[in-house]
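Input: a single structure, listed below in structure tokens.
The values are calculated or read from the model by the stated rules, or taken from the named source; none is laboratory data. Bear in mind the structure is a predicted one, so any value in this text is a computation, not a measurement. Surface accessibility is based on the protein's heavy atoms, side chains included, excluding ligands, DNA and RNA. Shrake-Rupley method; radii C 1.70, N 1.55, O 1.52, S 1.80 Å.
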Amino acid sequence: MTDSGQASNKFRRIFLRLAKVVLAVVVLAAVSSQLSEALGELDKGALRFSPFYLVCSAFLYLSGMALFGDFWHLAVGRLGVEVGRLESQRAYFVSQLGKYVPGKAWVVLIRCGLTPRDRFPLSLVLVSSIYEALSVMGTAAAVAALAFLLIGGSPAQLALLSAGTAGLLLLASHPPVFPRLVSWVSASVQRDGSLRVPELEWKVLFGSWYRFLGGWALVGLSILSAARGGGISFWGVQPFLLATGGIGLAVSGGFLLFLLPAGLGVREYILLQVLSPSVGPAQAGLIAIVSRVVQIVAELAAGGVFYAVGKAKINTHQPGNSRLQ
């Protein structure tokens, strides 16, 4: 490549990075303005937080995440890699912390560091992680579409939006799109472009319908529990469907806008728009903020526990350890 070509590529990379930063700042500023306006209507003196419901919210959220982690374990097995369920859950939960760092690659890098490289090479970590992310986010949008259809009325428009998002993400997780997508993503990992993408059949996804349906139902219940934890009376069948649909559309929308770590701001904005007609902007904004805080704390706690337990197990089985002598 000539010097002028190298300079052109360097300029292009700098321009794209700058454009991403500017767009991210604009999105965060707009969302922050909306949330601030909504939360400004709250009666601060009437706020009553319930630690019990907040803990319940965290437990429900982690239970849903465990089902998604089990799907990743299944996908890994279909790729021919033998990893124990506890080992895969540890890598899954600890790697969730990587999504809060700009750049989606951190999730893959953390998983790679926590799995045996002799049995689980980087290429298969990459393939399985992309497949799991697209499947989990796609089914989030699909469950959202179903929830909005069951509610009926004005959420029908949200159902169409969710169904379109689900179709886009789930199509991307299977041939012929998936191999090309993985090859494009892996270009920064394997420069020789020699990554072979194993085929994952549709039945891997459809055979896990109960994992996704149960997982997103638990996450929806987590949103309701977070609302109760924030002193908001928001309970029942329709609130459950609304919360499940709202969080499903929120996480899939945040995933598509990959510029922001963990969909920061985007999730809160979508939840605010979905829940506002039922509980009002102020309380919807509070639910969005409280549920996000609960999820972050829960993931930090679970990631820390899984990392410590796994490390202790490794140390226990070290040769020469006094417990084994």
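A few notes on this one:
- In the context of the full protein assembly, Trp235 retains an accessible surface of approximately 140 Å², using a probe radius of 1.4 Å and ignoring ligands and nucleic acids.
- Between the alpha-carbon centres of segment 45-74 and segment 212-277 there is a gap of 12 Å.
- Residue separation of Leu160 and Trp106 scaled by 0.36 nm, minus their Cα-Cα distance, works out to 16.2 nm of gained length.
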